[in-house]
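Take a look at the structure below.
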Amino acid sequence: TAETPFNPRAVSLIATSVDELLMNAIYDAPEEAPGASAAISRSAPIELQGKRAVDFRMGFDGDYASFTVMDRFGTINKGKLLTHLMRMYVNKEYQVNDAVMGAGLGLAATFRTGGSLLFVTEPGVRSEVTVFFKQTSSFKEFRKQFRFVSIHLVPESKLPR
């Protein structure tokens, strides 16, 4: 097995967070696009070509690990996103509704368990979501680390290609 500088419990949370970013880009972003068809189950096979292609990048500088997922839809809704991220999913406030895709639970869990999130979207063109995790000496410290959420809506002419 490969060695990782992160606690095994933290690695599990990081993997779940990265999976959530990928699933959002593959299944939810296209369904949020204007004129989109009905929601597709996350278990349905999808061909990731053309507009549905998804880019994935990762990095580690010795202190922070980062993972970026980019879709080609640019459908991030800032208000909806913040509502999902800040809602406390306890008691009856959140109940799984299979008819509603992209409920925000995965991103909220990522944020609450130590991940910082950076969203950059060019409306109707593309969205990038980057999650950052700081390497810590314990799982408790990992869960309590400083985190942030930043959402940037950028005109097409301002984003590097």
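The values are calculated or read from the model by the stated rules, or taken from the named source; none is laboratory data. Because the structure is a prediction, the values reported are computed rather than measured. Cβ: placed from backbone, ideal geometry, glycine included. Neighbour counts: every protein chain shown. Side chains are part of the model used for accessible areas, which takes the heavy atoms of the whole protein and leaves out ligands, DNA and RNA. Shrake-Rupley method; radii C 1.70, N 1.55, O 1.52, S 1.80 Å.
Among the residues of the range 134-154, the ones that are in a loop (DSSP other than H, G, I, E, B) and either on the phi > 0 side of the Ramachandran plot or charged (D, E, K, R) (or both) come to 1 in all.
Taken together, the residues in the range 126-137 that are at pLDDT 90 or above and either of a type in the set (Gly, Ala, Ser) or touching a Pro at 6+ places or on another chain (Cβ under 8 Å) (or both) amount to 2. It is to be established whether one or more residues within the range 57-66 are among the small types (Gly, Ala, Ser), at pLDDT 90 or above, within 23 Å of Arg143 (Cβ to Cβ) and in contact with a helix residue (DSSP H, G or I) (Cβ under 6 Å, 6 or more places away or on another chain). No, there is no match, as no residue in the range 57-66 is among the small types (Gly, Ala, Ser), at pLDDT 90 or above, within 23 Å of Arg143 (Cβ to Cβ) and in contact with a helix residue (DSSP H, G or I) (Cβ under 6 Å, 6 or more places away or on another chain). Would you mind stating whether Leu107 is under 16 Å from the mean Cα position of the chain (by Cα), at pLDDT below 85, closer than 16 Å to Asn24 by Cα and open to solvent by 40 Å² or more (accessible area, probe 1.4 Å)? Against the criterion (under 16 Å from the mean Cα position of the chain (by Cα), at pLDDT below 85, closer than 16 Å to Asn24 by Cα and open to solvent by 40 Å² or more (accessible area, probe 1.4 Å)), Leu107 does not qualify. How many residues are open to solvent by less than 10 Å² (accessible area, probe 1.4 Å) and not in a strand (DSSP E or B) when one looks only at the range 110-133? Going through the range 110-133 one residue at a time, the tally reaches 3. Screening Pro30 with (1) in contact with a helix residue (DSSP H, G or I) (Cβ under 7 Å, 6 or more places away or on another chain); (2) modelled with pLDDT under 80; (3) in a loop (DSSP other than H, G, I, E, B) gives one miss only, at (3).
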